[in-house]
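Working notes for the structure below.
The values are calculated or read from the model by the stated rules, or taken from the named source; none is laboratory data. All of these numbers come straight from a predicted model, not from anything done at the bench. When we count neighbours, we look across all protein chains shown, and the Cβ atoms used for this are built from the backbone with ideal geometry, even at glycine.
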Amino acid sequence: MGKIIALLTDYGLKNNFVGVMKGVIKSISNDSEIIDITHSIIPQNIKQGAFVLMNSFQFFPEGTIFVCVVDPEVGSNRLAIGTFLNGKYFLAPNNGILSYVIKGIKVKNFYSLENTEYHLKSISSTFHGRDIFAPVAAHIANGKKLEEVGKKIPTSDVVIIPNPQCFLDVQGVWHGEVIEIDIFGNIITSLSFDTIIKEAKSSPQTPIWVFESGNLKIKGLSNTFSDVKIGEPLIYIGSSGFIEVGIREGNAAKSYNIDIGQNVYFYKE
């Protein structure tokens, strides 16, 4: 079995984009195993792509090659970059999608994936996922090194986007944002509960937490959906450690008209 190549894109599944990328990879590295993280990132939403990648990569084995293509500047002079961190490869447009993965890592080497020997022969201006990222990933799976497929660039050339909003104001209110909405309509926020608990270390262990966003206000932190009645909303700590809002057997985002990017607030009563 060859190396794992994990794909994360905003391409969706209603066209042939993902299938063609996989075809390119298999044409070059037939032994590689391709895993789809998701292709449902909101189009051009780099922040959401970065957040999903951050909450996914640690569950893959060493040697995995992550191909992350959310690329609103495709065809421009933005760089295609690659790096090797903690035993894993990351290939992406240089637009900040790797920001949350590389934060806190001091030693980083980045490469501009500019060696055309490892691209497809004809490069389109709109589909670098097929023409650059897929073939480069396949060649790395076959044993090529980043310094062979690219040229080293300064770390300062790598685009970094701000961390998701998560801060405490002087009145004791945590400010965050809706960073993702899953297939069930659960609202995933940027509020890290670990961060909140560390800041509240001198507070009671079991305060009554309140969540607000738009016209939605919920009191009390639940452990799981069965803690509330069918049709009732709840706030809980999601599987990645972030504050989430859901409705038991319902769709919270639709019910409360909440969308990605909306501000959220979390505080003790």
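Before moving on, here are some points about what is shown:
- Some residue of segment 204-216 being under 23 Å from the mean Cα position of the chain (by Cα), assigned to a loop (DSSP other than H, G, I, E, B) and without any contact (Cβ under 8 Å) to a residue 60 or more places away in the chain: no
- Matching residues, segment 58-79, being closer than 18 Å to A134 by Cα and either hydrophobic (A, V, I, L, M, F, W, C) or not assigned by TED's automatic domain parsing to the domain that holds V101 (or both): I65, F66, V67, C68, V69, V70, V74, L79
- The residues of segment 83-116 that are over 12 Å from V149 (Cβ atoms) and among the hydrophobic types (A, V, I, L, M, F, W, C), listed by number, are L85, F90, A92, I97, L98, V101, I102, I105, V107, F110.
- Hits in segment 24-38 - residues which are within 16 Å of L91 (Cβ to Cβ) and either under 11 Å from the mean Cα position of the chain (by Cα) or polar (S, T, N, Q) (or both): S29, S32, I37
- When the criteria are applied in full, D194 meets the requirement of being surrounded by fewer than 16 Cβ atoms within 10 Å (Cβ to Cβ), free of Cβ contacts under 8 Å to residues at least 60 places away in the same chain, closer than 16 Å to N55 by Cβ and not polar (S, T, N, Q).
- Qualifying position, being in contact with a helix residue (DSSP H, G or I) (Cβ under 6 Å, 6 or more places away or on another chain) and on the phi > 0 side of the Ramachandran plot, among G82, G96, G87: G96
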